[in-house]
Ligand code: AMP
């Protein structure tokens, strides 16, 4: 696996591959890699000539410096894992490579049409603007044919899908299913911060989402949301929201009639760790 640190070198290398008509799958990450990330590498490998990943902890998407400082940094283990997963190239930029002269010069002018106003948005002001900024910048440096993102971060990929459409970026977004632990907990680099007790109870999110899926055709949305919040309210856990939304607009819905993509999204505090998860309750086809 080739390691590239420099943005210009990365762009030159990827451009050469594109000139040779290679398809390129790109998986941006912030490190702390786990099976969820490696599943994206695998999907890219199955469909592309070349697979590129990046590890960059983007400061502009953190509204809290303590979270930024606490973010796991495990570069060597991550590179080993990427290599084993068959990744061809890893881009490992510094902050200066991504934002030479400062991040302010790389602001993206894009109306998110309220997609950032709900769910994770109010809790993390500026977060999604930071995500848009870094993904746009990364795609400028790694202009891949395909971009792989996880359904785990439902709001994030919805916003990136919007960005790709609005800015007419020539990269196809591929959304990959959520990889879970045996008990159903969605894999996340945050899980390693859970206490043993909280870890033991953390599958409650998956169980409640699965219950919502069973209920969707015979209970009202508001009844499901109320019951779900009740069930999630176990000792040590504090639900932030449980919302059933239109999967395209992220707007809350009060009935499922005519909605082709219905998704339940939740965030729950387990002590001081915020867990997020979601499940498609009604889905027409693959997400795109
Ligand atoms: P992150 O390093 O947390 O920014 O995540 C990088 C990518 O991996 C994002 O597109 C995430 O949605 C995706 N991802 C994270 N956890 C999982 C998971 N459990 N299953 C599938 N994809 C995931």
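Let's see how each residue does on (1) within 16 Å of the ligand (Cβ to nearest atom); (2) within 16 Å of the chain's Cα centre (by Cα):
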residue	(1), (2)
80	no, no
88	no, no
97	no, no
106	no, no
137	yes, no
140	no, no
165	no, no
178	yes, yes
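None of 118, 152 is away from the ligand (no atom under 15 Å from the Cβ) and either under 26 Å from residue 210 (Cα atoms) or crowded, with 20+ Cβ neighbours inside 10 Å (or both) except 118. One residue stands out in region 209-247 among those that are in a helix (DSSP H, G or I) and within 21 Å of the chain's Cα centre (by Cα): the one that is farthest from residue 114 (Cα to Cα), namely 210.
There is no residue in region 185-204 that is under 26 Å from residue 162 (Cβ atoms) and more than 16 Å from the ligand (Cβ to nearest atom).
Does residue 127 fit the bill of being within 14 Å of residue 28 (Cα to Cα) and either surrounded by fewer than 20 Cβ atoms within 10 Å (Cβ to Cβ) or not assigned by TED's automatic domain parsing to the domain that holds residue 269 (or both)?
The answer is no for residue 127.
For region 11-46, taking the residues that are away from the ligand (no atom under 16 Å from the Cβ) and within 23 Å of the chain's Cα centre (by Cα), the one that is farthest from residue 191 (Cα to Cα) is identified as 23. The selection criterion, being exposed (fewer than 13 other Cβ atoms within 10 Å of the Cβ) and either touching a helix residue (DSSP H, G or I) at 6+ places or on another chain (Cβ under 8 Å) or assigned by TED's automatic domain parsing to the domain that holds residue 249 (or both), holds for residue 111. Annotation note: of 66, 84, 76, the sole residue that is assigned to a helix (DSSP H, G or I) and at pLDDT below 95 is 66.
Checked against (1) closer than 27 Å to residue 26 by Cα; (2) at pLDDT below 95; (3) part of a loop (DSSP other than H, G, I, E, B), residue 257 passes all but condition (1). Checked against (1) closer than 20 Å to residue 167 by Cα; (2) in contact with a strand residue (DSSP E or B) (Cβ under 8 Å, 6 or more places away or on another chain), residue 116 passes all but condition (2).
The values are calculated or read from the model by the stated rules, or taken from the named source; none is laboratory data. Predicted model only: the values in this text are computed from it and were never measured. In this analysis, Cβ positions are derived from the backbone assuming ideal geometry, glycine residues included, and neighbour counts consider all displayed protein chains.
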